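Working notes for the structure below.
The values are calculated or read from the model by the stated rules, or taken from the named source; none is laboratory data. Keep in mind it's a predicted model, so treat the numbers as computed, not measured. Ideal geometry is used to build each Cβ from the backbone, glycine not excepted, and the neighbour counts take in all protein chains shown. Each accessible area value is taken on the protein alone, full model and side chains, heavy atoms only, with ligands, DNA and RNA left out. Shrake-Rupley method; radii C 1.70, N 1.55, O 1.52, S 1.80 Å.
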Amino acid sequence: MMPKKSSWALWGAALFLAWNGLVLLFLWGRPSPPGSEASSRLPSELIRLAQDAEAELERQKELLRQIHRLSGLWQQRRRHKAPTVAPPEFSVAPSSSLSSSPVLPVLVLACDRSTVRRCLDKLLRYRPSAQRFPVIVSQDCGHAETARVIASYGDAVAHIRQPDLSDIPVPPEHRKFQGYYRIARHYRWALGQVFRAFRYRAAIVVEDDLEVAPDFFEYFEAALPLLRADRTLWCVSAWNDNGREQMVDASQAELLYRTDFFPGLGWLLLAELWDELEPKWPRAFWDDWMRQPEQRRGRSCVRPEVSRTMTFGRKGVSHGQFFDQYLKFIKLNDRFVPFTRLDLSYLKKDEYERSFLPRVYSAPEVRVEELQGDARREPGAVRLQYSGRDAFKALAKALGLMDDLKSGVPRAGYRGIVSFVYRGRRVYLAPPRDWTGYDPTWS
């Protein structure tokens with residue numbers, strides 16, 4: 001017997017034929033108006049009925065197309081089902097690849113930007129396999145032009161639509177933040193579709209204003225086993241918050257870090273994390289909510305030295321906050337790194353801290369004036385130390401870093417340490433060696 005999930009297209013076709021049969025029977029049996037006037041109106045009445053029938057047929061054809069697309073997603077899921085149990089240990093040899101080739105969908109959150117085409121064009125250009133990396137575009141807002149752009153890609157992407165477009169009751173003081181409530185609602189629905197309806201075990205999330213790097217898929221494919229194996233990680237992000245061109249080492253595009261700050265902007269999560277987050281998902285400001293200690297629970301993300309995404313969306317609910325000062329200057333990686341052939345085990349917590357922390361605290365400590373004045377001519381990394389919130393913000397601002405803190409965590413920071421490049425030199429902005437944890441009051 002054919003499995004129920006794989007027979008969606010057949011059931012859709014049967015529904016299509018049955019419905020239109022009923023429509024034709026209804027039209028055939030419809031009585032004509034009595035009297036001689038009926039004969040004179042008969043041609044126009046027949047034309048009107050034919051137009052009605054044609055419109056109904058178009059609606060049914062669209063329903064059938066939706067059923068066909070969803071059936072295709074189910075078939076991909078059945079053929080390439082990812083393992084539901086994390087492997088007991090992780091080791092990547094230089095020539096290894098993912099033997100199970102799990103399906104890793106990309107969920108694109110869209111609304112009313114017809115420039116989603118720029119995002120989709122790069123995703124489809126760089127993805128190595130349509131079967132292993134299906135693209136699902138979830139659209140909120142009901143914006144017709146954006147819907148037409150998405151539909152123009154045909155079967156190359158799956159187009160799903162957020163059904164609830166109603167206004168959301170918000171506190172009076174949050175009236176201007178209605179957009180943030182809609183975004184949180186859309187995220188919850190779209191992630192629910194990916195992990196509940198389609199039953200994927202992991203997913204990459206991007207928004208419609210992101211452009212991806214040539215090795216975007218390679219990066220996430222290589223990081224997926226690490227995320228499954230190391231329970232001290234809860235996401236992998238393509239984004240470096242301090243990734244402006246002059247603040248990164250583009251010659252080390254393969255360099256990855258752990259970070260305690262949730263970066264977003266192109267990120268990978270597992271179904272198990274969604275099981276944890278969905279029941280308490282917030283009504284608004286979902287990304288800052290993710291950065292709270294109650295959600296992070298001491299876990300970290302992986303982030304790159306050079307970003308694998310860049311944003312081109314100045315216009316949005318944040319009204320361009322940070323865009324002109326920081327975001328539009330983010331360096332997008334342009335060199336393909338074969339991550340699936342590299343050993344990423346150095347990112348496991350114990351191994352990372354055994355190598356990263358000594359490297360930071362063995363670097364000579366300098367004052368910011370020395371760094372800015374280039375008084376120290378010796379090559380090599382240096383360390384700037386801060387001991388409080390105000391000191392961190394002053395140093396970050398002086399050096400061009402993003403200086404805001406979320407629940408006490410600096411952007412791109414790990415154990416309070418922010419690694420960046422200043423005038424060609426590696427710099428670690430770090431707390432004292434006896435650091436004991438983040439202080440949420442620093443936000």
key: Failed criterion for ARG132 (all others in (1) modelled with pLDDT of 55 or more; (2) farther than 30 Å from LYS348 by Cβ hold)   = (2)
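Might you let me know whether the range 202-215 holds any residue that is touching a residue at least 40 places away in the same chain (Cβ under 8 Å), among the small types (Gly, Ala, Ser), surrounded by fewer than 22 Cβ atoms within 10 Å (Cβ to Cβ) and not in a loop (DSSP other than H, G, I, E, B)? Outline the logic, then answer.
First, pick out the residues of the range 202-215 that are touching a residue at least 40 places away in the same chain (Cβ under 8 Å): 202-215.
Retained after the next criterion (residues that are among the small types (Gly, Ala, Ser)): 202-203, 213.
Filter once more, keeping what is surrounded by fewer than 22 Cβ atoms within 10 Å (Cβ to Cβ): none.
The answer is no, given that none of the residues of the range 202-215 is touching a residue at least 40 places away in the same chain (Cβ under 8 Å), among the small types (Gly, Ala, Ser), surrounded by fewer than 22 Cβ atoms within 10 Å (Cβ to Cβ) and not in a loop (DSSP other than H, G, I, E, B).
Here is a list: ASP208, ASP249, ASP164. Which entry is among the charged types (D, E, K, R) and closer than 21 Å to LEU269 by Cα?
Values: ASP249 fails: closer than 21 Å to LEU269 by Cα; ASP164 fails: closer than 21 Å to LEU269 by Cα.
Answer to the selection: ASP208.
Residue by residue, here is whether (1) acidic (Asp, Glu); (2) open to solvent by 40 Å² or more (accessible area, probe 1.4 Å); (3) under 18 Å from PHE195 (Cα atoms) holds:
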residue	(1), (2), (3)
ARG244	no, no, no
MET247	no, no, no
SER251	no, yes, no
PRO263	no, no, no
LEU270	no, no, yes
TRP281	no, no, yes
note = Per the list (1) without any contact (Cβ under 8 Å) to a residue 60 or more places away in the chain; (2) of a type outside the set (Lys, Arg); (3) open to solvent by less than 90 Å² (accessible area, probe 1.4 Å), residue check on GLU369 breaks on (3)
ask   = Which residue pairs have Cβ atoms closer than 6 Å, lie 6 or more positions apart in sequence or on different chains, and pair a first residue in the range 285-299 that is over 14 Å from GLY264 (Cα atoms) with a second residue that is of a type outside the set (Gly, Ala, Ser) and surrounded by 15 or more Cβ atoms within 10 Å (Cβ to Cβ)?
value = ARG299/TRP234
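Restricting attention to the range 416-443, and to residues there that are of a type in the set (Val, Ile, Thr) and open to solvent by less than 40 Å² (accessible area, probe 1.4 Å), which single residue is farthest from PRO358 (Cα to Cα)?
Start the filter on the range 416-443 by keeping residues that are of a type in the set (Val, Ile, Thr), which leaves 417-418, 421, 427, 436, 441.
Checking the rest, the ones that are also open to solvent by less than 40 Å² (accessible area, probe 1.4 Å) come to 417-418, 421, 427.
Details: ILE417: 12, VAL418: 14, VAL421: 18, VAL427: 14 Å.
Looking at the filtered set, the residue picked out is VAL421.
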message = Looking at TRP267, TRP234, TRP189 in this structure, which one is among the aromatic types (Phe, Trp, Tyr), touching a Cys at 6+ places or on another chain (Cβ under 9 Å) and within 19 Å of PRO279 (Cα to Cα)?
response = TRP234
note = The one condition LYS176 fails out of (1) modelled with pLDDT of 95 or more; (2) closer than 28 Å to PHE285 by Cβ; (3) outside any loop (DSSP other than H, G, I, E, B) is (1)
query = Of the numbered conditions (1) at pLDDT below 95; (2) aliphatic (A, V, I, L, M); (3) part of a helix (DSSP H, G or I), VAL360 satisfies every one except a single condition; which is it?
reply = (1)
request  = May I ask you to list the residues in the range 386-414 that are crowded, with 19+ Cβ neighbours inside 10 Å and touching a residue at least 60 places away in the same chain (Cβ under 8 Å)?
outcome  = LEU401, MET402, LYS406, SER407, VAL409, PRO410, ARG411, ALA412, GLY413, TYR414
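Give me the residue from the range 300-314 that is in contact (Cβ under 8 Å) with a residue 60 or more places away in the chain and assigned to a loop (DSSP other than H, G, I, E, B) and, out of that set, surrounded by the most Cβ atoms within 10 Å (Cβ to Cβ). Walk me through it before giving the result.
Within the range 300-314, the first condition is being in contact (Cβ under 8 Å) with a residue 60 or more places away in the chain, and the residues that meet it are 300-313.
Restricting the remaining residues to those that are assigned to a loop (DSSP other than H, G, I, E, B) gives 305-306, 308, 312-313.
Values: GLU305: 22, VAL306: 24, ARG308: 28, PHE312: 15, GLY313: 19.
Once the filter is applied, the top-ranked residue is ARG308.
How about the range 333-352: which of its residues are touching a residue at least 24 places away in the same chain (Cβ under 8 Å) and in a helix (DSSP H, G or I)?
Applying the first criterion (touching a residue at least 24 places away in the same chain (Cβ under 8 Å)) to the range 333-352 yields 333-345, 347-349, 352.
Correct list: PHE339, THR340, ARG341, SER345, LEU347, LYS349, TYR352.
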key: Hits in the range 152-173 - residues which are touching a Lys or Arg at 6+ places or on another chain (Cβ under 9 Å), open to solvent by 50 Å² or more (accessible area, probe 1.4 Å) and not in a loop (DSSP other than H, G, I, E, B)   = ASP155
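Of the residues VAL149, VAL194, only one is surrounded by 15 or more Cβ atoms within 10 Å (Cβ to Cβ) and in contact with a Ser or Thr (Cβ under 6 Å, 6 or more places away or on another chain); which?
Working: VAL194 fails: in contact with a Ser or Thr (Cβ under 6 Å, 6 or more places away or on another chain).
On inspection, the qualifying residue turns out to be VAL149.
Count, please, the residues in the range 281-293 that happen to be of a type in the set (D, E, K, R) and either touching a Ser or Thr at 6+ places or on another chain (Cβ under 9 Å) or part of a strand (DSSP E or B) (or both).
Here is the first cut: in the range 281-293, the residues of a type in the set (D, E, K, R) are 283, 287-288, 291.
Filter once more, keeping what is either touching a Ser or Thr at 6+ places or on another chain (Cβ under 9 Å) or part of a strand (DSSP E or B) (or both): 288, 291.
Total meeting the criteria: 2.
In the list GLU278, GLU272, GLU254, which residue meets the criterion of being charged (D, E, K, R) and assigned to a loop (DSSP other than H, G, I, E, B)? Can you show your working first?
Numbers: GLU278 fails: assigned to a loop (DSSP other than H, G, I, E, B); GLU272 fails: assigned to a loop (DSSP other than H, G, I, E, B).
Checking each option against the conditions leaves just GLU254.
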